[in-house]
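The values are calculated or read from the model by the stated rules, or taken from the named source; none is laboratory data. Keep in mind that this is a model prediction, so the values were computed, not measured. Every residue, glycine among them, receives a Cβ derived from its backbone with ideal geometry; neighbour counts consider all protein chains shown. With ligands, DNA and RNA removed, areas are computed over all heavy atoms of the protein, side chains included. Shrake-Rupley method; radii C 1.70, N 1.55, O 1.52, S 1.80 Å.
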Amino acid sequence: GGDDHGCMGHSRGGLTTKIHALVDAEGRPIRLKLTPGQAGDAPVGTEFVADLDPGATLIADRAYDTNPIREGAAARGVWANIPPRVIRKDAFSFSPWVYRQRNLVERFFNRIKQFRGLATRYDRRADNYLAALKLAAIRFWIASI
């Protein structure tokens, strides 16, 4: 629905892998993606914006403050509540109060850490690791029903 919040975040998945997650207003994962640790966050953020409904609020950390993400969100009728990077010269509307809802994605990552194999990255193959993440995500969805 239009009142869903898209929260993006990232965390080390072990080795040099980053987990990118888009969660809804209940903190349930909508989309997951792995990237190499040295890869930038912005390309994934641009992909994830396409999954947001018009009228949604995108809450993301500073690493996702790029023109393509902001422009993509605006084109979809989504408000991007992202703190501006220090190098930004132009001003954007930003609500620290709304930004606190980003803890939804942080809670998602904390829940993942409860799964020992995911937290310690036992599986060294990215495709197996992503499959295990998705299984955990399914458990979160089932638990919310």
Residue satisfying condition, being surrounded by 11 or more Cβ atoms within 10 Å (Cβ to Cβ), hydrophobic (A, V, I, L, M, F, W, C) and at pLDDT below 85, within set ALA131, ALA126 = ALA126
Could you give me the residue pairs with C-beta distances under 6 Å whose first residue belongs to the stretch 32-45 and is touching a residue at least 24 places away in the same chain (Cβ under 8 Å) and within 20 Å of GLU106 (Cβ to Cβ), whose second residue is open to solvent by 20 Å² or more (accessible area, probe 1.4 Å) and charged (D, E, K, R) wherever it lies, and which are 6+ apart or on separate chains?
-> GLY37/LYS18; VAL44/LYS33
Reported set for the stretch 54-94 where residues are modelled with pLDDT of 90 or more and among the β-branched types (Val, Ile, Thr) is THR57, ILE59, THR66, ILE69, VAL78, ILE82
Out of the residues in the stretch 92-118 that are over 23 Å from THR66 (Cα atoms) and open to solvent by 50 Å² or more (accessible area, probe 1.4 Å), which is farthest from the chain's Cα centre (by Cα)?
-> ARG116
Say whether the condition of being touching a Gly at 6+ places or on another chain (Cβ under 8 Å), within 26 Å of LEU133 (Cβ to Cβ), surrounded by fewer than 16 Cβ atoms within 10 Å (Cβ to Cβ) and among the aliphatic types (A, V, I, L, M) is met by at least one residue in the stretch 36-51.
-> yes
Filter the stretch 26-44 down to the residues that are small (Gly, Ala, Ser) and at pLDDT below 90, then identify the one that is nearest to ASN81 (Cα to Cα).
-> ALA42
Test: LEU15 is under 26 Å from LEU133 (Cα atoms) and at pLDDT 90 or above = no
Inter-residue pairs, beta-carbon under 7 Å, first in contact (Cβ under 8 Å) with a residue 24 or more places away in the chain and in the stretch 62-88, second assigned to a helix (DSSP H, G or I) and among the hydroxyl-bearing types (Ser, Thr, Tyr), 6+ apart = PRO68/THR46; ILE69/THR46; GLY72/THR46; ASN81/TYR99; ILE82/TYR64
